[in-house]
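Everything below concerns the one structure shown next.
The values are calculated or read from the model by the stated rules, or taken from the named source; none is laboratory data. Here the structure is a predicted model, which is why all the values come from computation and not from measurement. Cβ placement follows ideal geometry from the backbone for every residue including glycine, while neighbour counts extend to all protein chains displayed. The area values use the complete protein model at the heavy-atom level, side chains included, leaving out ligands, DNA and RNA. Shrake-Rupley method; radii C 1.70, N 1.55, O 1.52, S 1.80 Å.
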Amino acid sequence: MPIYNISTEGIAKVPQTNFQTNGILERNHLQRFLRDKIDIISEDTLIISEEFSDWDDSRKRIDLLGIDKKANLVVIELKRTDTGDHMELQALRYASMVSTMNFEKCILIYQNYIDNRGLGIDAKEDLLNFLSWESPLEEDFASNIKIVLASADFSKELTTSVMWLLSKGIDITCVKLSPYNFNGEVLLDINQIIPLPEAESYLIKIKEKTIERQIALESTRDRTKYFFNDKLLGKGRLVFEVVKQFIENNEHLTFEEIQDKFPSNLQGSTGVLNTLNFVNHKYNDSKKKRHFIDKNDILTSADGIEFLVSTEWGIGNINNFVNFARSINFDIKEK
């Protein structure tokens, strides 16, 4: 829809222009400007990386990578063209590539972004504040990936693809960036064109079958949280806090004695505890270390051995651990 200028002399149409004519580039201008004003195309989003490419055997880069208030990762792709140039396909590929990211990796990525920009803040503290978390909740992190496509315009083929993806439950948004030339200055009109508010009821009907199929899967997921030491914790963090409290109460115990107290069969494949050296060696080539590996999460036994607590807890093993912890007088309550 055109933009008009109204003055005492009447109403005049503001001529539309394009980014290319005004020398506005994707990376040097649009991307750089939007990263600090990201709410205008993606509300309640914190940018954690720019030109993200932390994966093997690929030169592909995500323009902007963010996280929203629900701890969902947000893949943001930008184009200054009038068609979008297959950006939905790129974004889907990127979404799948970041889908395995865990909270610990996210902190490393965000800290690198902060350091490169010289912002002088602590990534973990800032991220926890943004999410309103007292401590990391690994199970709530990146349960969904959102996609935001922002372009001067979108081809019919692209919008058709996006509408189909929406019908399949993919969280994807198209934002149109329309530049106008007004008295030698470039004005930017920003409109979300997909999904439109008036299309919501239609999209809900299309999604019903998908939602019905997902209900069975969701019902099998145990999202129970636990109160321990005045903290609300997910499964992995509960185990960590119990082990930490145990060694604080028993500072004289060696690592072997601590490991005997928390036998591996309480967890299963990885065990409850492993030494830092073991984890670094076993998971040297893996992005997922399966243990809490932040420097603040490294525990030390009386005989000077550094060790880590497993993050691999779910419906199949957490009850065994909780029952065991209660048996040795730890007060744990389910939310």
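Residues in region 36-50 that are open to solvent by less than 80 Å² (accessible area, probe 1.4 Å) and over 16 Å from the mean Cα position of the chain (by Cα): 41 alone. Scanning region 123-152 for residues that are assigned to a loop (DSSP other than H, G, I, E, B), at pLDDT 90 or above and surrounded by 18 or more Cβ atoms within 10 Å (Cβ to Cβ) turns up 141, 142, 152.
Whether any residue in region 121-131 is at positive phi and out of contact with any strand residue (DSSP E or B) (no Cβ under 6 Å at 6 or more places or on another chain) is what I want to check. Looking for residues that are at positive phi and out of contact with any strand residue (DSSP E or B) (no Cβ under 6 Å at 6 or more places or on another chain), one finds none in region 121-131, hence no. Screening residue 69 on (1) closer than 20 Å to residue 152 by Cβ; (2) surrounded by fewer than 16 Cβ atoms within 10 Å (Cβ to Cβ); (3) touching an Asp or Glu at 6+ places or on another chain (Cβ under 6 Å) shows it passes everything except condition (1). Scan region 107-123 and report the pairs whose first residue is within 14 Å of residue 36 (Cα to Cα) and among the aromatic types (Phe, Trp, Tyr) and whose second residue is open to solvent by 20 Å² or more (accessible area, probe 1.4 Å) and part of a loop (DSSP other than H, G, I, E, B), with Cβ atoms within less than 9 Å and a gap of 6+ or a chain change. Close Cβ pairs (under 9 Å, with a partner that is open to solvent by 20 Å² or more (accessible area, probe 1.4 Å) and part of a loop (DSSP other than H, G, I, E, B)) amount to 113/119.
Checked against (1) within 30 Å of residue 231 (Cα to Cα); (2) part of a helix (DSSP H, G or I), residue 97 passes all but a single condition, namely (1).
Candidates are the residues of region 44-66 that are assigned to a loop (DSSP other than H, G, I, E, B) and touching a residue at least 12 places away in the same chain (Cβ under 8 Å); the one that is nearest to residue 78 (Cα to Cα) is 60.
Picking from residues in region 277-305 that are of a type in the set (Val, Ile, Thr) and either on the phi > 0 side of the Ramachandran plot or not in a loop (DSSP other than H, G, I, E, B) (or both), the one that is surrounded by the most Cβ atoms within 10 Å (Cβ to Cβ) is 279. When residue 315 is tested against (1) open to solvent by 70 Å² or more (accessible area, probe 1.4 Å); (2) β-branched (Val, Ile, Thr); (3) within 15 Å of residue 243 (Cβ to Cβ); (4) out of contact with any strand residue (DSSP E or B) (no Cβ under 6 Å at 6 or more places or on another chain), exactly one condition is not met: (3). Take residue 6 and tell me if it is among the aliphatic types (A, V, I, L, M) and without any contact (Cβ under 8 Å) to a residue 40 or more places away in the chain. It is true that residue 6 is among the aliphatic types (A, V, I, L, M) and without any contact (Cβ under 8 Å) to a residue 40 or more places away in the chain.
Would you check if there is a residue in region 57-66 being open to solvent by less than 10 Å² (accessible area, probe 1.4 Å), farther than 28 Å from residue 183 by Cβ and either aromatic (Phe, Trp, Tyr) or touching a Ser or Thr at 6+ places or on another chain (Cβ under 6 Å) (or both)? Looking for residues that are open to solvent by less than 10 Å² (accessible area, probe 1.4 Å), farther than 28 Å from residue 183 by Cβ and either aromatic (Phe, Trp, Tyr) or touching a Ser or Thr at 6+ places or on another chain (Cβ under 6 Å) (or both), one finds at least one in region 57-66, hence yes. Counting the residues of region 1-20 that are surrounded by 10 or more Cβ atoms within 10 Å (Cβ to Cβ), among the polar types (S, T, N, Q) and more than 15 Å from residue 177 (Cα to Cα) gives 1. Listed conditions (1) at negative phi; (2) at pLDDT 55 or above are all met by residue 230, apart from (1).
Residues in region 15-34 that are β-branched (Val, Ile, Thr) and without any contact (Cβ under 8 Å) to a residue 24 or more places away in the chain: 1 in all. Every condition in (1) farther than 26 Å from residue 122 by Cα; (2) open to solvent by 70 Å² or more (accessible area, probe 1.4 Å); (3) without any contact (Cβ under 8 Å) to a residue 60 or more places away in the chain is met by residue 254 except one, and the failing one is (2).
One residue alone among 100, 83 is open to solvent by 10 Å² or more (accessible area, probe 1.4 Å), among the polar types (S, T, N, Q) and touching a helix residue (DSSP H, G or I) at 6+ places or on another chain (Cβ under 8 Å), and that residue is 83.
Within region 160-180, the set of residues being open to solvent by 20 Å² or more (accessible area, probe 1.4 Å) and among the hydrophobic types (A, V, I, L, M, F, W, C) comprises 163, 164, 170. A single member of 242, 309 is open to solvent by less than 40 Å² (accessible area, probe 1.4 Å), assigned to a helix (DSSP H, G or I) and among the hydrophobic types (A, V, I, L, M, F, W, C), and it is 242.
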